[in-house]
1. Mind putting a number on the dipole of the chain about its Cα centre? Charges go on the C-beta only, +1 for Lys and Arg and -1 for Asp and Glu, and I need it in Debye to the nearest 20.
2. Report which label in [x] 1.05; [y] 1.10; [z] 1.39 holds the value of Cα Rg over 2.2 N^0.38 Å derived from the coordinates of this structure.
3. Go through the stretch 8-24 residue by residue and turn each phi into a ³J(HN,Hα) via Karplus (6.51, -1.76, 1.60, θ = phi - 60°); whole Hz please, and just put x for glycine and proline.
4. Given a 1.4 Å probe, how much area per residue of the chain is accessible, in Å²?
5. So if R0 is 25 Å, what FRET efficiency would ASN71 and LEU29 give, r being the distance between their Cβ atoms, rounded to the nearest 0.05?
6. Averaging sequence separations of C-alpha pairs under 8 Å and six or more residues apart, then dividing by the length of the chain, give the relative contact order as a whole percent.
7. Projected onto the charge dipole of the chain (+1 at Lys/Arg Cβ, -1 at Asp/Glu Cβ, origin at the Cα centre), which of GLN7, TRP59, TYR35 gives the Cα projection farthest towards the positive end?
8. Using a 1.4 Å probe over the heavy atoms of the protein chains, calculate the carbon and sulfur portion of the accessible area of the chain as a whole percent.
Amino acid sequence: MEHHFQQGDNVALYNVQAWGGTDYNKLWLKAEGEYNTSKDRHEETQLEVLYSRNIVSFWDLQADLRHDFINDADDRDFVALGFQGRA
């Protein structure tokens, strides 16, 4: 959590992560955003759900869904698929 005091608008920033599961299957939940405390509204928020599956030792296959909530603009959705591990 952070809070910025500025001339005009004051903004609180947050970044939260949590996961559950085992070494072979994990589900990650992530949220990040800005809250304008002067106007009492969210400016921008990202909500992300990631699934990670161990396929071989030290290598995971990952799938990700993300939704961006943007104030006064069109919301956006993202999908990602990838690998993570040690070479």
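The values are calculated or read from the model by the stated rules, or taken from the named source; none is laboratory data. Just so it is clear, the model here is predicted, and its values are computed rather than measured. Here Cβ is always computed from backbone atoms with ideal geometry, including for glycine, and neighbour counts include all displayed protein chains. Surface accessibility is based on the protein's heavy atoms, side chains included, excluding ligands, DNA and RNA. Shrake-Rupley method; radii C 1.70, N 1.55, O 1.52, S 1.80 Å.
1. On the way: 8 positive and 16 negative charges, 107 e Å.
For the chain, the charge dipole is close to 520 debye.
2. [z]
3. Each residue's phi maps through the Karplus curve to give x, 9, 9, 10, 9, 10, 9, 8, 10, 9, 8, 9, x, x, 10, 5, 9 Hz.
4. Details: 6640 Å² over 87 residues.
That works out to 76 Å² for each residue.
5. Working: r = 22 Å, r/R0 = 0.88.
Here the calculated transfer efficiency is 0.70.
6. Working: 197 pairs, mean separation 16.9, N = 87.
Once normalised by length, the contact order is 19 percent.
7. Positive-end residue among those listed: TRP59.
8. Summing carbon and sulfur atoms, their accessible area is 53 percent of the total for the chain.
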